[in-house]
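> One structure, pasted below without further comment.
Any read-out appearing in this document is the output of simple, stated calculations on the displayed coordinates, not a laboratory observation. Computed from a prediction, not measured in an experiment: that's the story for all the values here. Methodologically, a virtual Cβ is constructed for each residue, glycine included, from the backbone with ideal geometry; neighbour enumeration extends over all protein chains shown.
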Amino acid sequence: MKKRLFSGIQPTGEVHIGNYLGAIKNWVKLLGKYECIFSIVDYHAITVEHNPKDMPQRILRVATVDIAAGLDPERCTIFIQSHVQEHVELAWILNTVTPIGHLERMTQFKDKAARHRENVNAGLFAYPVLQAADILLYKAEIVPVGEDQVQHLELSREIARKFNSRYGDIFPEPKELLSDAPRVMGLDAENKMSKSMNNYIGLTESPEVIWKKLSVAVTDPARKKRSDPGTPEICNIYHLHKYFSSNEEIDWSANGCRTAGIGCLECKKVLSDNIVQELAPIRGKARELDNNPGYVQDVLRRGAERCRELAQETMKEVRSSMGLDLNLHPQPSKL
Ligand code: TRP
């Protein structure tokens with residue numbers, strides 16, 4: 001039997017090349033090797049301020065683009081987290097075996113708390129517990145994530161251990177699977193590529209928009225003029241070439257930059273063309289799905305049905321191990 005894999009996808013509404021290179025592209029390669037479950041984690045998304053009106057569209061867009069990018073619903077399960085309510089039930093239960101000292105150490109919590117000072121809520125604090133619940137609910141053993149999630153995975157293992165030692169061996173300890181793609185920097189060359197920093201190239205953006213964004217993207221900050229020789233290693237555009245361009249083009253870019261043989265715009269044009277070419281099939285597939293919105297909704301509905309079944313099995317075990325399975329007499333009493 002194949003091991004089970006689980007990962008969570010933030011419903012950002014926009015999937016960008018950072019998500020693609022750092023996550024989706026690698027997940028697609030794992031579809032045959034593991035039994036894969038992907039959840040669009042809307043319960044996580046509400047731990048920071050959001051506009052309720054936008055949420056349905058954000059969820060559907062991410063589902064559509066992820067399917068277009070290769071998460072074939074015939075080979076994996078995709079569902080919306082809040083459609084399987086056992087996630088919150090298990091999260092609550094796991095809260096009771098999670099020391100708050102561990103949560104206080106989470107760097108993502110500290111970062112987000114600093115960025116959203118006006119809304120440091122208990123849900124944000126317990127975010128990693130919900131994440132542990134996501135994984136443990138399906139007894140998933142493999143969790144493909146980026147470097148920034150390793151601490152959350154360590155905590156998930158710790159929570160599984162604590163639960164098991166108190167209530168019996170129910171959960172396997174999940175392991176992270178790190179992709180070989182390092183984190184992709186945004187077009188500002190300063191922050192990780194992200195929707196919220198508005199420094200991204202979207203997977204379904206038009207060739208014109210991709211070029212517009214790239215043409216103003218930050219390059220080697222020390223190369224001030226066309227005639228200055230540059231240093232490719234410190235140029236974000238050069239690093240992007242490594243994901244999208246041929247070896248010849250990567251060498252051409254590095255040598256041209258070092259010798260001031262090419263200008264930044266020239267270098268960016270080649271990158272832009274290559275990105276456009278790689279994304280063209282994804283863009284086409286997304287458009288096809290947009291013309292058939294019933295399909296994506298069907299996928300999500302079927303996904304939730306399957307996950308609900310699995311989740312209910314686990315919850316039965318969990319409740320009974322904790323003494324939460326009192327069975328009341330089914331007959332109404334006659335007084
Ligand atoms: N916290 C993850 C992120 O921000 C998303 C996530 C939620 C997740 N639940 C998960 C990832 C379970 C892996 C497994 O990227």
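> For a quick check, take a GNM of the chain with Cα springs below 10 Å and name the residue from E266, E86, E141 with the largest mean-square fluctuation.
Evaluated over the chain, the most mobile residue of the options is E266.
> Where the only charges are on Cβ atoms (+1 Lys, Arg; -1 Asp, Glu), what is the dipole of the chain about its Cα centre, to the nearest 20 debye?
Working: 44 positive and 44 negative charges, 44 e Å.
Magnitude of the dipole: close to 220 debye.
> Among residues other than C76 whose Cβ falls under 13 Å from its Cβ, what is the net charge (Lys/Arg +1, Asp/Glu -1)? Kindly include the intermediate steps, with their values, before the conclusion.
Values: positive: K2, R4, K29, K33, R75, R302, R306; negative: E35, D66, D72, E74.
Taking every Cβ under 13 Å from that of C76, the sum is +3.
> Compare the Cα positions of S321, L279, L310 along the charge dipole of the range 230-335 (+1 at Cβ of Lys, Arg; -1 at Cβ of Asp, Glu; about the Cα centre) and return the one farthest towards the positive end.
In the range 230-335, that residue is S321.
> For a test of the definition: using alpha carbon positions, the gyration tensor, and the 1.5 limit on a/c, classify the range 198-335 as rounded, prolate or oblate. Present the calculation step by step, with values, prior to reporting the outcome.
On the way: a/c = 4.63, a/b = 2.79, b/c = 1.66.
Because a/c hits 1.5 or more and a/b exceeds b/c, the range 198-335 counts as prolate.
> Also, I was wondering about something else. Springs between alpha-carbon pairs under 10 angstrom, Gaussian network model over the chain: which of K195, K25, K212 fluctuates most?
Checking each option, the largest mean-square fluctuation is seen for K212.
> Another question, if that's okay. Enter the Cα centre distance for the pair the range 1-43 and the range 82-115, rounded to the nearest angstrom.
The distance from the Cα centre of the range 1-43 to that of the range 82-115 comes to 21 Å.
> Same structure, new question: Quick one: dipole size for the range 207-287, taken about the Cα centre, charges +1 on Lys/Arg Cβ and -1 on Asp/Glu Cβ, in debye to the nearest 20. Could you put the intermediate results ahead of the total?
Values: 13 positive and 10 negative charges, 80 e Å.
That gives a dipole near 380 debye.
> A further question on this structure: In whole percent, what relative contact order does the range 15-84 give with Cα contacts below 8 Å and a gap of six or more residues? The partial results should precede the final answer.
On the way: 52 pairs, mean separation 37.9, N = 70.
Value for the range 15-84: 54 percent.
> If you split all Cα-Cα distances of the range 121-207 into 10 Å bins from zero, what percentages do you get per bin, shortest first?
That works out to 15, 34, 29, 16, 5, 0, in percent per bin.
> Here's another thing I want to ask about it. Quick check on the range 25-137: take the gyration tensor over C-alpha atoms, sort the square-rooted eigenvalues as a ≥ b ≥ c, and tell me if it's rounded (a/c under 1.5), prolate or oblate.
Details: a/c = 2.00, a/b = 1.49, b/c = 1.34.
Prolate is the answer for the range 25-137, as a/c is 1.5 or above and a/b outweighs b/c.
> Taking +1 at the Cβ of each Lys and Arg and -1 at the Cβ of each Asp and Glu, which of N198, L335, S227 sits farthest along the dipole of the chain towards its positive end, judged by Cα position relative to the Cα centre?
Positive-end residue among those listed: L335.
> Next question. Given the chain reduced to its alpha-carbon atoms as identical point scatterers, what log10 I(q)/I(0) does the Debye formula return at q = 0.09, 0.12, 0.16 Å⁻¹?
Those come out to -0.55, -0.91, -1.37, one per q.
> How long is the gain from K225 to E118 if the chain were fully straight, where each residue apart is worth 0.36 nm and the alpha carbon distance is subtracted?
Working: separation 107, 0.36 × 107 = 38.52 nm, distance 4.32 nm.
Net length gain for the segment: 34.2 nm.
> Taking square-rooted eigenvalues a ≥ b ≥ c of the alpha carbon gyration tensor, is the range 223-291 rounded, prolate or oblate, where a/c under 1.5 means rounded and, failing that, a/b exceeding b/c means prolate?
Since a/c reaches 1.5 and a/b is larger than b/c, the shape of the range 223-291 is classed as prolate.
> Among residues other than R283 whose Cβ falls under 12 Å from its Cβ, what is the net charge (Lys/Arg +1, Asp/Glu -1)?
Values: positive: K285, R287; negative: E205, E278, E288, D290.
That sum, taken over residues with Cβ under 12 Å, equals -2.
> Still on this structure, please answer the following. Pull up the DSSP beta bridges for the chain and report the antiparallel fraction as a percent, rounded to 5. Show your work: numbers first, answer last.
On the way: 2 of 17 bridges.
If I count the DSSP bridges inside the chain, around 10 percent turn out antiparallel.
> Separate question: With +1 on each Lys and Arg Cβ and -1 on each Asp and Glu Cβ, how big is the dipole of the range 56-113 about its Cα centre, in debye rounded to the nearest 20? Walk me through the numbers before you get to the answer.
On the way: 6 positive and 7 negative charges, 55 e Å.
Charge dipole of the range 56-113: 260 debye, to the nearest 20.
> With a 10 Å cut-off between alpha carbons and a GNM built on the chain, which of N198, N19, N274 moves the most?
Maximum among the listed residues: N198.
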